[in-house]
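Inspection log for the structure reproduced underneath, given as structure tokens.
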Protein chains: 2
Amino acid sequence: MLDAAVDAFAERGFGGTSTRDVAVRAGRSPAAVYVHYDSKEALLYAISLEGHMAALDCLKLAYASSEDPAARLHAMVFAFSDWHMENARLARVVQYELHALSKVHRADIVSLRRRFHRVMVGAVRDGIRAGQFQVDDVNGTARALLSLCIDLVRWFDPARGRNSRAIAQLNADLALRMVGDV
Amino acid sequence: MLDAAVDAFAERGFGGTSTRDVAVRAGRSPAAVYVHYDSKEALLYAISLEGHMAALDCLKLAYASSEDPAARLHAMVFAFSDWHMENARLARVVQYELHALSKVHRADIVSLRRRFHRVMVGAVRDGIRAGQFQVDDVNGTARALLSLCIDLVRWFDPARGRNSRAIAQLNADLALRMVGDV
């Protein structure tokens, strides 16, 4: 059901999709969404939570993959870029339909997003502390590093056959330049 | 009418907005959209064209502002970042509702987007030719530079009082690092 909803929302937008569309796409009866979710918004919230948690796990796993600040940041930007290309549809829905969530649900997701920021800030600080990175604006640089990865969902199209590993590698190399890795 | 449409699409998404909503928001009669546009899709196309043309003008103007490759790239990333923060609502609609355009209209917008890429590629090549930039993947780096600016529309919220000039300045400084400005 969640997969069907992601496909439907990605193609027609949240506002252009009915719960009936989602149910039919999932091969279920028209009212089947309501067996599991109170509303279309609750379905979007479930997708947003799942997407953000999976992306956060990916970022934290990469953080833990190395003790060296440069290798660690490289791994994080590689993995996070790769995640956004591998999960482009899910990520697009999660990123672009935030406005459709209720106020309370939106606040949950915004809180989750701060955790991405904190992990990235931690990685940048590690490198500064070790004397390897030269960064004045840690918060702003962390946001820019996340931007570089997340914006892939806007333009990356797997159907066009671009090499996602090469793109993730380039982003990771650019990230080291951005933090003034010496 | 275009302003009202941008506001409506930004708040509820293209699929969640009717032409009646747009007309009423513009203080017009419910059918007033059809005086000027054949369909809701034609209205979105007009907004997309206007938004892309304005952003492209901004980028080209900044390109022409200096002869020095580093100063030029810095000016471009500053101006393009600033444009996306100043026009966050318009840019969000233009970026996120591309899927709602007809095939022909979408192809027009995709062609326009290639022009942004060409301008940025030109700026990177200028710096390489002058021996100032060190870039292996010119196309990929140009895309990453544009990403850094465009992704601002996803998270920048003028209501939160962040300093947009400081963000544009940071992005421009990061851009010079990304191209290995020496």
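The values are calculated or read from the model by the stated rules, or taken from the named source; none is laboratory data. Because the structure is predicted, anything quoted here is derived from the model rather than measured. Virtual Cβ from ideal backbone geometry, glycine too; neighbours counted across all protein chains shown.
Restricting the range B:97-109 to residues that are within 13 Å of chain A (Cβ to nearest Cβ) and touching a residue at least 12 places away in the same chain (Cβ under 8 Å), the residue that is nearest to residue A:16 (Cα to Cα) is B:100.
Matching residues to (1) hydrophobic (A, V, I, L, M, F, W, C); (2) in contact (Cβ under 8 Å) with a residue 60 or more places away in the chain; (3) at positive phi; (4) surrounded by 15 or more Cβ atoms within 10 Å (Cβ to Cβ):
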position	(1), (2), (3), (4)
A:7	no, yes, no, yes
A:21	no, no, no, yes
A:25	no, no, no, yes
A:33	yes, no, no, yes
A:37	no, no, no, yes
A:52	no, yes, no, yes
A:55	yes, yes, no, yes
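For the range A:8-62, a residue qualifies if it is polar (S, T, N, Q) and under 20 Å from residue A:80 (Cβ atoms), and exactly one does: A:48. Which residues, taken from the range A:83-96, are part of a helix (DSSP H, G or I) and either modelled with pLDDT under 95 or more than 12 Å from chain B (Cβ to nearest Cβ) (or both)? The answer is A:83, A:85, A:86, A:88, A:89, A:90, A:91, A:92, A:93, A:94, A:95, A:96.
If the condition is being outside any helix (DSSP H, G or I), closer than 29 Å to residue B:96 by Cβ and away from every other protein chain (no Cβ under 11 Å), then the range A:124-182 contributes only A:161. For residue B:14, the conditions (1) exposed (fewer than 15 other Cβ atoms within 10 Å of the Cβ); (2) at pLDDT below 95 are fulfilled apart from (1).
Mind checking whether some residue in the range B:32-42 is within 14 Å of chain A (Cβ to nearest Cβ) and part of a helix (DSSP H, G or I)? Within the range B:32-42, one or more residues are within 14 Å of chain A (Cβ to nearest Cβ) and part of a helix (DSSP H, G or I). Checked against (1) under 14 Å from the mean Cα position of the chain (by Cα); (2) closer than 23 Å to residue A:66 by Cβ, residue A:135 passes all but a single condition, namely (1).
Considering only residues that are in contact with a Ser or Thr (Cβ under 7 Å, 6 or more places away or on another chain) and of a type in the set (Phe, Trp, Tyr), which ones fall in the range A:1-33? Answer for the range A:1-33, where residues must be in contact with a Ser or Thr (Cβ under 7 Å, 6 or more places away or on another chain) and of a type in the set (Phe, Trp, Tyr): just A:9.
Might you let me know whether the range B:72-81 holds any residue that is in a helix (DSSP H, G or I) and either touching a strand residue (DSSP E or B) at 6+ places or on another chain (Cβ under 6 Å) or of a type in the set (Ser, Thr, Tyr) (or both)? Can you show your working first?
To start, the set of residues in the range B:72-81 that are in a helix (DSSP H, G or I) comprises B:72-81.
Next cut, either touching a strand residue (DSSP E or B) at 6+ places or on another chain (Cβ under 6 Å) or of a type in the set (Ser, Thr, Tyr) (or both) only: B:81.
Yes.
Could you identify the single residue in A:72, A:115 that is among the basic types (Lys, Arg) and surrounded by 15 or more Cβ atoms within 10 Å (Cβ to Cβ)? Show your work before the answer.
Working: A:115 fails: surrounded by 15 or more Cβ atoms within 10 Å (Cβ to Cβ).
Matching residue, one of A:72, A:115: A:72.
I'd like the residue in the range B:6-27 that is more than 13 Å from every other protein chain (Cβ to nearest Cβ) and part of a loop (DSSP other than H, G, I, E, B) and, out of all such residues, is nearest to residue A:102 (Cα to Cα). Only one residue tops the list, namely B:26.
From the list B:50, B:67, B:41, B:86, the one residue that fits, being over 28 Å from residue B:7 (Cα atoms) and acidic (Asp, Glu), is B:67. Of everything listed in (1) surrounded by fewer than 20 Cβ atoms within 10 Å (Cβ to Cβ); (2) touching a residue at least 40 places away in the same chain (Cβ under 8 Å); (3) small (Gly, Ala, Ser), the single unmet condition for residue A:175 is (1).
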